[in-house]
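What follows is a set of notes on a single structure, which appears directly below.
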Amino acid sequence: MMHKTGRRDMHLGRLKLSIIFLLTVSLTLPAWGQEKGWEKKWDETIAAAKKEGRVVVVGPSEPETRRRIPAAFKARFGIPVEYLSGRTSQIAARIRAERRARLYSVDVFLATTNPMYLILYPEGALAPLKPALFLPDVINPSKWKTGKLWFMDPEEKYILRLFNNISSLLAINTDLVKRKELRSAKDFLNPKWRGRMTVDDPTARRGGGLVQAGRFYMLFGQEYVKRFYLDQKPVISRNRRQMTDWLARGTYPISFGADNEDVDRLRREGFPILNLVSLSDVPASASSGGGGLMALANRAPHPNAARVFVNWMASKEGLEVYSRTNEVATTRNDIDEKSYLPAQKIPRPGVNYFDNSNFKFVTTTRERVRKYVKKILKR
């Protein structure tokens with residue numbers, strides 16, 4: 001017969017094992033699975049947001065986005081959106097002036113890399129976004145193509161990437177340039193194409209020209225950049241429509257600056273022009289697009305409305321509305337993008353892309369490249 005002391009010790013042993021098991025399970029559960037009472041928290045946040053009366057969002061100036069995002073959000077939650085848009089320089093100047101005067105009018109930013117990385121983040125205008133996201137649909141890592149929320153800042157908590165869109169490398173006039181003539185980057189250095197290419201201005205701080213120069217610089221080095229921009233004498237412009245027109249007419253049959261959407265439209269209309277996404281040694285470019293980065297303003301005047309907005313925007317419902325208005329691919333994996341986007345815009349799993357929205361590339365490499373190209377072109 002077992003003594004009472006032995007039975008007590010066995011019971012205690014089993015109890016300890018049970019406690020250890022429960023602790024292990026709780027520690028290994030994903031963060032999104034541990035969130036309890038989110039429905040109550042969500043309802044309380046929405047109620048408080050309605051009392052605040054509105055949410056103020058800075059976003060892209062596309063007419064469809066300005067119309068549909070406020071309308072969809074208000075229809076869903078009954079909270080008006082004051083939507084602000086304009087040139088990046090104007091918005092940045094306004095935010096700076098307000099903050100110097102200790103005025104805080106903005107709740108959420110939907111912006112491109114330049115204002116996010118070069119102004120709002122370094123100047124301390126942002127609040128941590130990651131803790132504000134708590135909907136299971138948002139924080140569940142299985143909902144995202146990267147297996148997690150894709151934060152772009154070094155701390156991985158301020159700037160969330162919502163878009164990851166593929167853009168073309170260049171466009172050609174197929175009456176004058178055969179596809180087989182451009183297989184790799186070295187083909188651009190063929191004397192045949194000297195003076196017959198157009199490029200977006202690589203010395204401008206904004207635009208695709210600097211991104212293109214940066215891609216060549218990182219992939220092939222300074223000497224290639226020098227030979228391409230100096231020896232090949234491409235026509236440099238900041239007018240994308242003009243470059244598209246030159247391409248269609250055959251004036252300059254290779255263009256690194258023609259507008260992708262216009263090229264596709266003109267091709268459908270019968271013009272002999274074609275977008276090329278990549279070459280054998282030049283990967284396609286992926287970017288966060290226009291307004292594809294989201295951040296929370298610190299000292300937001302409507303903090304609860306801001307939390308509702310960022311959670312909704314990162315959810316399947318909100319991000320699909322945003323994606324459709326901008327016609328760009330998202331970072332979520334549960335949105336049927338193929339039903340409304342061309343296949344070439346959607347990143348393919350397992351393919352390496354040149355990420356021109358990378359934080360380090362934007363904040364350090366681009367400016368180094370710009371100065372180098374400016375020097376060799378003496379501009």
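Coordinate-derived values only; no laboratory data. Because the structure is a prediction, the values reported are computed rather than measured. Ideal geometry is used to build each Cβ from the backbone, glycine not excepted, and the neighbour counts take in all protein chains shown.
For the reader, a short list of remarks on this structure follows.
- Pairs exceeding 24 Å between alpha-carbon atoms, taken from 74/338; 51/143; 157/345; 192/226: 74/338; 51/143; 157/345.
- Inverting the pair-averaged 1/r between distinct Cα atoms of the stretch 62-147 gives 15.3 Å as its Kirkwood hydrodynamic radius.
- About its Cα centre, the dipole of the stretch 213-277 is roughly 120 debye, where the only charges are +1 on Lys and Arg Cβ and -1 on Asp and Glu Cβ.
- Relative contact order of the stretch 248-379, defined on C-alpha pairs under 8 angstrom at six or more residues apart (%): 22 percent
- Dimensions in Å of the chain - Rg and Dmax from alpha carbons: 25.5, 102
- Förster-model FRET efficiency, 22 Å R0, residue 186 and residue 365, C-beta, rounded to 0.05: 0.45
- Under the span-like rule (Cα at least 27 Å along the axis, Kyte-Doolittle mean at least 0.0), DSSP H helices of the chain: 4-28
- Order of 186, 378 under a 10 Å beta carbon neighbour criterion, fewest first: 378, 186
- Computed [θ] at 222 nm, deg cm²/dmol, the chain (DSSP H ≥ 4; -39,500 (n - 2.57); rounded to nearest 500): -12000 deg cm²/dmol
- Contact order normalised by residue count of the stretch 39-87, Cα under 8 Å, 6+ apart, percent: 44 percent
- Neighbourhood net charge (12 Å Cβ-Cβ; Lys/Arg +1, Asp/Glu -1) for residue 126: 0
- Tensor-based shape of the stretch 191-244 (alpha-carbon gyration tensor, a/c under 1.5 rounded, otherwise prolate or oblate): oblate
- Spatial separation of Cα centroids for the stretch 67-129 and the stretch 245-307, in angstrom: 23 Å
- Gyration tensor (alpha-carbon) shape descriptor, the stretch 204-300, a/c threshold 1.5: oblate
- Stokes-Einstein D in µm²/s, Kirkwood radius over Cα pairs - the stretch 115-154 at 4 °C with 1.567 mPa s viscosity: 111 µm²/s
- For the stretch 74-229, the relative contact order comes to 10 percent (Cα pairs under 8 Å, sequence separation of at least 6).
- Charge context of residue 187, other residues only, Cβ under 12 angstrom, K/R +1, D/E -1: +4
- The charge dipole of the stretch 72-193, taken about its Cα centre with unit charges on the Cβ atoms of Lys, Arg (+1), Asp and Glu (-1) only, comes to about 280 debye.
- Förster radius 25 Å - calculated FRET efficiency between residue 242 and residue 205 (Cβ-Cβ, nearest 0.05): 0.75
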